[in-house]
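The next block holds one structure in the form of structure tokens; read it before the comments.
The values are calculated or read from the model by the stated rules, or taken from the named source; none is laboratory data. As the structure is a prediction and not an experimental result, all values here were calculated from the model. Positions of Cβ are generated from backbone atoms using ideal geometry, with glycine treated the same way; all protein chains shown enter the neighbour counts.
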């Protein structure tokens, strides 16, 4: 499915996994809509893609805001003539705090970006995938909430990540008749900038005292993975080589989740 005639949307494309995925899909020939909240970051990604001979469209929008999302997706489709691939990557860690300390407004913000944002990304793009006669969706979840539950105070975050996998499995059946595949990737510790939007309070109240083996990522000797490790799997999942895979979460954690 990834090729010169394919069109992809990547949310949260300004940095980290989103940026690596957008660049990789473009390198494989897809025309890519790079969507995110920070125009300057998106323009950097678009410039990088153009320098490599690819095509990218900058789409500034907040995934939690319905009308900008509708307009962004409409603009992408009208510019490139369709839509084949959707990568719902945008997300935040938000506030990690004990449940009786976590403010409702902090809960709401994490739910809005991670869960409402995923819903709006799929809600606004699926009609175009149906019109196209099929397509592939990948949702970027996490090992947190799907394989591990040991991150102190991350109740809101893990709730959104578990819900994302449930959405993927629900929609894999719902959209199968339209030839739309839906899968999830669940990264472990990845060297990205997401920690910049993390606020951790009273860790000592929620942390479970455990002595981990040396290095939390067995396959790399403790080093975190990189964004490209996740992008490579996403590129596979949206390709024809993954034509018989749908409704599947794939953990990309170097074995980290098995330790926890």
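What the table below lists for this structure:
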{"read-out": "Only one of 73, 86, 45 that is in contact with a helix residue (DSSP H, G or I) (Cβ under 6 Å, 6 or more places away or on another chain), buried (at least 24 other Cβ atoms within 10 Å of the Cβ) and over 23 Å from residue 179 (Cα atoms)", "value": "45"}
{"read-out": "Within segment 1-84, helices (runs of 4 or more DSSP H) holding 1 or more residues that are on the phi < 0 side of the Ramachandran plot and in contact (Cβ under 8 Å) with a residue 40 or more places away in the chain", "value": "16-27, 66-80"}
{"read-out": "Candidate set from segment 92-103 (those that are in contact with a strand residue (DSSP E or B) (Cβ under 7 Å, 6 or more places away or on another chain) and in a loop (DSSP other than H, G, I, E, B)); member that is farthest from residue 238 (Cα to Cα)", "value": "102"}
{"read-out": "Test: residue in segment 104-124 that is surrounded by 17 or more Cβ atoms within 10 Å (Cβ to Cβ), assigned to a loop (DSSP other than H, G, I, E, B), modelled with pLDDT of 95 or more and touching a strand residue (DSSP E or B) at 6+ places or on another chain (Cβ under 8 Å)", "value": "no"}
{"read-out": "Qualifying residue in segment 133-155 (condition: surrounded by fewer than 21 Cβ atoms within 10 Å (Cβ to Cβ) and under 22 Å from residue 30 (Cβ atoms))", "value": "yes"}
{"read-out": "Residues located in segment 163-188, provided they are crowded, with 17+ Cβ neighbours inside 10 Å and either without any contact (Cβ under 8 Å) to a residue 24 or more places away in the chain or part of a strand (DSSP E or B) (or both)", "value": "180, 181, 182, 183, 184, 185, 186, 187"}
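A quick yes/no check of all residues on (1) modelled with pLDDT under 95; (2) closer than 20 Å to residue 250 by Cα:
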| residue | (1), (2) |
| --- | --- |
| 135 | no, yes |
| 140 | no, yes |
| 156 | no, no |
| 171 | no, yes |
| 183 | no, yes |
| 189 | yes, yes |
| 195 | yes, no |
